[in-house]
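Remarks on the structure that follows.
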Amino acid sequence: MPGFEEDIRDFARKAGAGLVGIAGPERLSGPPSIDPSYTMRGARSVVSLVLPMNVPAIYDFLGKKSSGPHNIDQARMNQQVHRIAKETSDYIASLGHRAKAVPANNTYRRALDPFCTRPSFSHRFAAVVSGLGTFGLSGNVVTREFGAAVYLGSLVTDAVLKSDPVLPARQTMDNRCRTCKLCDKSCTLRMFEDNEEEYLLLNGELHARGKRNNVDFCNMSCFGLHAISRDKKWSNWGRHLVEEWLDNQPDPKQRKYIRGMLMRQGAMSGDSTPRFEVIRRIGARLWPREDIEDFLPAPDNLPAEEKEIYAMLVRAQEKLGVFGLKDPYVLTCGQCAMICGPDFNETKKRYDLLTQSGFVVPGPDGRMVRTKTMEEYFKMKEMYPAKVNLSQMAKDAGASGSVWLKSYFGFELKGEIQNILYQARNKKACAKTGQAGKEARPLYIGNPGYLLSVIASGKKRHRKWQNSKPRW
Ligand code: B12
């Protein structure tokens, strides 16, 4: 006989979810961000939701035709997954329980380190313990149905729900990643190791993913600050690059230097705050349907003219209260998830699109234009250099600092203690299974003086780089 769990699944599917999974209280042990009570006091179970990314929009993005359709898809689907979570929570509440939707993105816990992006609740962990997928090499959750090219959502409830079966912890790593590894090749900065694993203890089991070299690499490419591939044959949609990294990628252990570069590149772009604000406002808040989901057409119904798509996004961002962004296409990377389709052939097709479509670079009016070679890329850079003046940089840096202090800076004791206990359990589990030292390490940098030393060390290196000869 269908029970409460089936009613919830049915409701969420009818509301538009592609996949729905459930995890009850016995499943929710792991890192602190699997704790549902952070989102709602008394929460004991989780409902996880998956929406697939629009595939033609992925082709346009990877093939450097246009990044507009994927930007629109991500904006609409982040709202939609949040809305489905909210409506399903309301449905659960109508049956006498309490429930709360988790925003799609960008609700971070307070921390001393501004780049320590620990979510209020991890949708990835929720999807894994609810049986919807398992970690892949890139750390993304890979589903059988859509690969990693999905948007995840969750809700938490005080109802004690019966869990769905989980998938074998190594399902993706053993059956797909071992022979594919194209996500690693699609990362401009080698964020993960293709031959080394690290482990997370979730639901009493060790889950493998590719060892993360340095998450600041991921922040660099995801925010468009280093756009050129390691073999220098293609770019993502980022507008910037670190020239000294073209031939010599830094050792990921040079953490201060890399962090310094990240902060400087961000400051020099002059528009990092409004770009982040667009992502944050869409990810963290549920807007009236008419502002985003209904206002922006689905990628399949977009106007043929690029400039109309562009104008639509500008208008949508104004509805969110973000004005004056020169380029409304804020998403520049994400290849590791986007190329990962339901099977290897599809993944290879997407990878080929990415790697065989050359470069995009800001052209005469600031819009991105395609070039086939690096030489042409640098010619365009010389002809149309980014014009950012000191006052823009200062304004942007001030605005970033203010967002950080207001929304993310602080210290949350409970999470820190939960984390210390969790790290000890994970370490022990790794040692017991012959994986000593391979536990996934937290991103945490606790020393408040750290930032100052980063800035100082970065400044010195930057001067050295500025005085060196251009390399093209
Ligand atoms: C922060 C974040 C980012 C950051 C950092 C990414 C990273 N690699 O860590 C940036 C902006 C760079 C980013 C990039 C991307 N992201 Co993102 N991102 C998130 C976010 C908000 C949290 C991710 C996360 O779980 N991080 C940190 C911790 C929890 O993970 P961890 O390192 O494994 O945890 C360790 C420690 O930190 C510690 N720990 C865990 N929790 C806590 C809590 C406390 C208090 C403490 C002290 C310690 C601790 O334990 C672990 C072991 O040591 C989620 C949304 C959400 N709320 O879940 C989306 C999300 C993970 N991103 C997503 C996507 C799609 C992307 C991109 C593809 C870009 C894009 N197109 O959107 C890339 C992929 C990069 C990659 N390979 O991971 C999807 C995932 C899809 C999937 N199939 O898995 C999500 C779920 C958004 C969504 N709603 O769909 N992302």
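Does region 438-451 contain any residue that is in a helix (DSSP H, G or I), modelled with pLDDT under 85 and out of contact with any Cys (no Cβ under 6 Å at 6 or more places or on another chain)? If you could, list the steps in order and put the result at the bottom.
Step one: filter region 438-451 for residues in a helix (DSSP H, G or I), giving 450-451.
Narrowing the set further to residues that are modelled with pLDDT under 85 leaves 450-451.
Right, trim to out of contact with any Cys (no Cβ under 6 Å at 6 or more places or on another chain) and you get 450-451.
Within region 438-451, one or more residues are in a helix (DSSP H, G or I), modelled with pLDDT under 85 and out of contact with any Cys (no Cβ under 6 Å at 6 or more places or on another chain).
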**Asked** Residues LEU202, LEU155, LEU161: which one is open to solvent by less than 20 Å² (accessible area, probe 1.4 Å) and either more than 23 Å from the chain's Cα centre (by Cα) or at pLDDT below 95 (or both)?
**Response** LEU161
**Message:** With the structure loaded, tell me whether ALA208 is open to solvent by less than 10 Å² (accessible area, probe 1.4 Å), among the hydrophobic types (A, V, I, L, M, F, W, C) and closer than 28 Å to ILE258 by Cβ or whether it fails that test.
**Reply:** yes
**Request:** Tell me which of these LYS326 doesn't satisfy, since it passes every other one: (1) within 16 Å of the ligand (Cβ to nearest atom); (2) in a loop (DSSP other than H, G, I, E, B); (3) among the basic types (Lys, Arg).
**Result:** (1)
**Message:** I'd like to know if region 164-185 contains one or more residues that are near the ligand (Cβ under 9 Å from one of its atoms), under 15 Å from the mean Cα position of the chain (by Cα) and of a type outside the set (D, E, K, R).
**Reply:** yes
**Message:** Let me confirm something: among THR134, THR117, THR157, which residue is more than 15 Å from the ligand (Cβ to nearest atom) and either touching a residue at least 12 places away in the same chain (Cβ under 8 Å) or among the polar types (S, T, N, Q) (or both)?
**Reply:** THR157
**Message:** Please go through region 1-38 and give me each residue that is assigned to a loop (DSSP other than H, G, I, E, B), within 22 Å of the chain's Cα centre (by Cα) and crowded, with 22+ Cβ neighbours inside 10 Å, ordered by number.
**Reply:** ALA17, GLY30
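Condition check ((1) closer than 24 Å to SER154 by Cα; (2) touching a Pro at 6+ places or on another chain (Cβ under 7 Å); (3) free of Cβ contacts under 8 Å to residues at least 40 places away in the same chain; (4) open to solvent by less than 20 Å² (accessible area, probe 1.4 Å)) across all residues:
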| site | (1), (2), (3), (4) |
| --- | --- |
| LYS256 | no, no, no, no |
| LEU262 | no, no, no, yes |
| GLY266 | no, no, no, yes |
| SER272 | no, no, no, no |
| ARG275 | no, no, no, no |
| ARG280 | yes, no, no, no |
**Fill in**
If you go through ARG124, ARG190, the only one that is at pLDDT below 95, open to solvent by 10 Å² or more (accessible area, probe 1.4 Å), within 18 Å of the chain's Cα centre (by Cα) and within 13 Å of the ligand (Cβ to nearest atom) is ARG190
**Fill in**
Restricted to region 402-438 and to residues being charged (D, E, K, R) and more than 20 Å from TYR108 (Cα to Cα), the residue most open to solvent (accessible area, probe 1.4 Å) is LYS432
**Asked** Do we find a residue being aliphatic (A, V, I, L, M), touching a Lys or Arg at 6+ places or on another chain (Cβ under 6 Å), open to solvent by less than 10 Å² (accessible area, probe 1.4 Å) and within 16 Å of the ligand (Cβ to nearest atom) anywhere in region 350-363?
**Response** no
**Asked** more than 16 Å from the ligand (Cβ to nearest atom), farther than 27 Å from LYS232 by Cβ and assigned to a helix (DSSP H, G or I): does that describe GLU318?
**Response** yes
**Message:** Among (1) assigned to a helix (DSSP H, G or I); (2) modelled with pLDDT of 90 or more; (3) open to solvent by less than 90 Å² (accessible area, probe 1.4 Å); (4) not hydrophobic (A, V, I, L, M, F, W, C), there is one condition GLU382 misses while meeting the rest; what is its number?
**Reply:** (3)
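Suppose the filter is open to solvent by 20 Å² or more (accessible area, probe 1.4 Å), in contact (Cβ under 8 Å) with a residue 24 or more places away in the chain and near the ligand (Cβ under 7 Å from one of its atoms); does ARG76 pass it?
On the way: open to solvent by 20 Å² or more (accessible area, probe 1.4 Å): yes; in contact (Cβ under 8 Å) with a residue 24 or more places away in the chain: yes; near the ligand (Cβ under 7 Å from one of its atoms): no.
No; evaluated as a whole, the condition is false for this residue.
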**Complete:** Within region 49-70, the residues that are more than 10 Å from the ligand (Cβ to nearest atom) and farther than 22 Å from ALA127 by Cβ are PRO56, TYR59, ASP60, LEU62, GLY63, LYS64, LYS65, SER66, SER67, GLY68, PRO69
**Message:** Would you confirm, using the coordinates I've provided, whether ARG110 is away from the ligand (no atom under 14 Å from the Cβ) and over 23 Å from PHE295 (Cβ atoms)?
**Reply:** no
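The values are calculated or read from the model by the stated rules, or taken from the named source; none is laboratory data. Since the model is a prediction, treat every value here as computed from it, not as a measurement. For neighbour counting, all protein chains shown are included, and Cβ atoms are generated from backbone atoms with ideal geometry for every residue, glycine included. All accessible areas refer to the heavy atoms of the entire protein, side chains included, with ligands and DNA or RNA removed. Shrake-Rupley method; radii C 1.70, N 1.55, O 1.52, S 1.80 Å.
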